[in-house]
Amino acid sequence: MKNRKVFVTGHTGFKGSWLIAMLRQLNCEVYGYALECTSDPNHFSLLKSNGHYVYADIRDPNKLKQAVSESGAEIVFHLAAQSLVRPSYRDPRYTYEVNVMGSLNLLEAVRASPSVRAVVMVTTDKVYANREEHYAYREDDKLGGHDMYSSSKACCEILIDSYRLSFLKPDLVTENQQILLASLRAGNVIGGGDWSEDRLIPDLVRAAATKQTAKIRNPQAVRPWQHVLDCLNAYLIVGAELLKGNREAAGSWNVAPEKAAVYAVENILTLSTQYWNEIKYTILPQQNAPHEANLLMLDNTKIKSKLNWTPVYSTQETVALTIEWYRKYYESGDCITERQVEKFLAA
């Protein structure tokens, strides 16, 4: 997807900032809409990215509508979100306002835009009614959500489908109504530059950088780990198909590694210590902790068979690249994002 005019919400976040780095190397003109950077350090700030950026709240429909309209973008990637499970228990109202009403505001903004032709909405692998069974969820499985974050994203999926059925029907694309809409369900994405709270790799490397011991929850939890570049590549592939007018791409898509690459937290811990011996951790007892899923897997058959997406990196390579990024940063202050993006795009 080269030489396009692209609008990204949440560009100051972990995945959003990596997406900006990819789009720059694809010679795209990038517009962003997000809150100011909050973490210190912050990946987006380290990139020193040039672009057209608006710093405002996704809950402000008027500012968002104006930003989308003035950008003249052909495609929108909606990544802005409250994306953490435990904070969603502390502030469910904010989580729902950002994730659900923010998504509605974005959909209304693109409907009013004369230029937008494609929209990629990012939700999560946690939108399914998780039965905690050894089963990989498919796109047509029942939606649900035990915690506030997961349920808010399941609500987003219903909202997206409703807009697709009510306003953005793929079978009714015309010169006057030509927006194709897709949702992508991915989670447990890792890579350098993530300093969010309550995430495994950030917790490990923060502790390692200060020669402390990380405190880890749920070592037996199983997740579909994948590198951020593999995940974003799926977003770009779906986006490119939407821009081509491929109506079959206007649906929901799981983005997940192969089943053999689904690892428990304890396996990721072991791999991480192999790549940086400063990493130390201890397992916390879990008593009266907020619920988090212990077993989650997605079926990636649809996106592989219909759009020819496959992960480039194995789980071992994913962890190695991630730890390499943090080691370089903490040992020399070097941000190697551009190099990792360049290598990925050349693969």
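Scanning the stretch 26-41 for residues that are farther than 17 Å from ILE75 by Cα and either touching a helix residue (DSSP H, G or I) at 6+ places or on another chain (Cβ under 8 Å) or buried (at least 24 other Cβ atoms within 10 Å of the Cβ) (or both) returns CYS37, PRO41. For the stretch 193-215, the criterion of being under 20 Å from GLN340 (Cα atoms), modelled with pLDDT of 95 or more, touching a strand residue (DSSP E or B) at 6+ places or on another chain (Cβ under 8 Å) and not basic (Lys, Arg) is met by at least one residue.
Given the condition in contact with a strand residue (DSSP E or B) (Cβ under 6 Å, 6 or more places away or on another chain) and crowded, with 22+ Cβ neighbours inside 10 Å, answer yes or no: does some residue in the stretch 94-107 qualify? Before you say what the answer is, go through the steps one by one.
So the first thing to find is which residues in the stretch 94-107 are in contact with a strand residue (DSSP E or B) (Cβ under 6 Å, 6 or more places away or on another chain), and the list is 106.
Adding the requirement that they be crowded, with 22+ Cβ neighbours inside 10 Å leaves 106.
Looking for residues that are in contact with a strand residue (DSSP E or B) (Cβ under 6 Å, 6 or more places away or on another chain) and crowded, with 22+ Cβ neighbours inside 10 Å, one finds at least one in the stretch 94-107, hence yes.
Just the residues that are more than 20 Å from GLN82 (Cβ to Cβ) and touching a residue at least 40 places away in the same chain (Cβ under 8 Å), please, taken from the stretch 126-144.
Narrowing the stretch 126-144 to residues more than 20 Å from GLN82 (Cβ to Cβ): 129, 131-142.
Selection gives GLU132, GLU133, HIS134, TYR135, ALA136, TYR137, ARG138, GLU139.
I'd like the full set of residues that are out of contact with any His (no Cβ under 7 Å at 6 or more places or on another chain) and touching a residue at least 60 places away in the same chain (Cβ under 8 Å), limited to the stretch 309-321.
The initial filter retains those residues of the stretch 309-321 that are out of contact with any His (no Cβ under 7 Å at 6 or more places or on another chain), namely 309-312, 314-317, 319-320.
If the condition is that a residue be out of contact with any His (no Cβ under 7 Å at 6 or more places or on another chain) and touching a residue at least 60 places away in the same chain (Cβ under 8 Å), then TRP309, PRO311, VAL312, THR315, GLU317, VAL319 are the ones that fit.
Hey, can you tell me all the residues within the stretch 227-250 that are touching a strand residue (DSSP E or B) at 6+ places or on another chain (Cβ under 6 Å) and either surrounded by fewer than 20 Cβ atoms within 10 Å (Cβ to Cβ) or within 26 Å of ASN277 (Cβ to Cβ) (or both)? Within the stretch 227-250, VAL228, LEU243 qualify. The residue of the stretch 204-213 that is nearest to GLY187 (Cα to Cα), among those that are surrounded by fewer than 20 Cβ atoms within 10 Å (Cβ to Cβ) and touching a residue at least 24 places away in the same chain (Cβ under 8 Å), is ALA207. Based on this model, can you work out whether LEU79 counts as closer than 29 Å to GLU197 by Cβ, modelled with pLDDT of 95 or more and either in contact with a Leu (Cβ under 8 Å, 6 or more places away or on another chain) or crowded, with 23+ Cβ neighbours inside 10 Å (or both)? Judged against the criteria, LEU79 is a match.
Pairing each residue of the stretch 248-264 that is under 18 Å from LEU159 (Cβ atoms) with any residue that is not in a loop (DSSP other than H, G, I, E, B) and not aliphatic (A, V, I, L, M), provided the two are 6+ apart or on different chains, yields C-beta distances under 7 Å for ALA250/ARG164; ALA250/PRO170; SER252/GLU157; SER252/SER183; SER252/ARG185; TRP253/ARG185; TRP253/LYS302.
The values are calculated or read from the model by the stated rules, or taken from the named source; none is laboratory data. All figures in this text were calculated on a predicted structure; none of them were measured in a lab. Neighbour counts run over all protein chains shown; Cβ positions are idealised from the backbone, glycine included.
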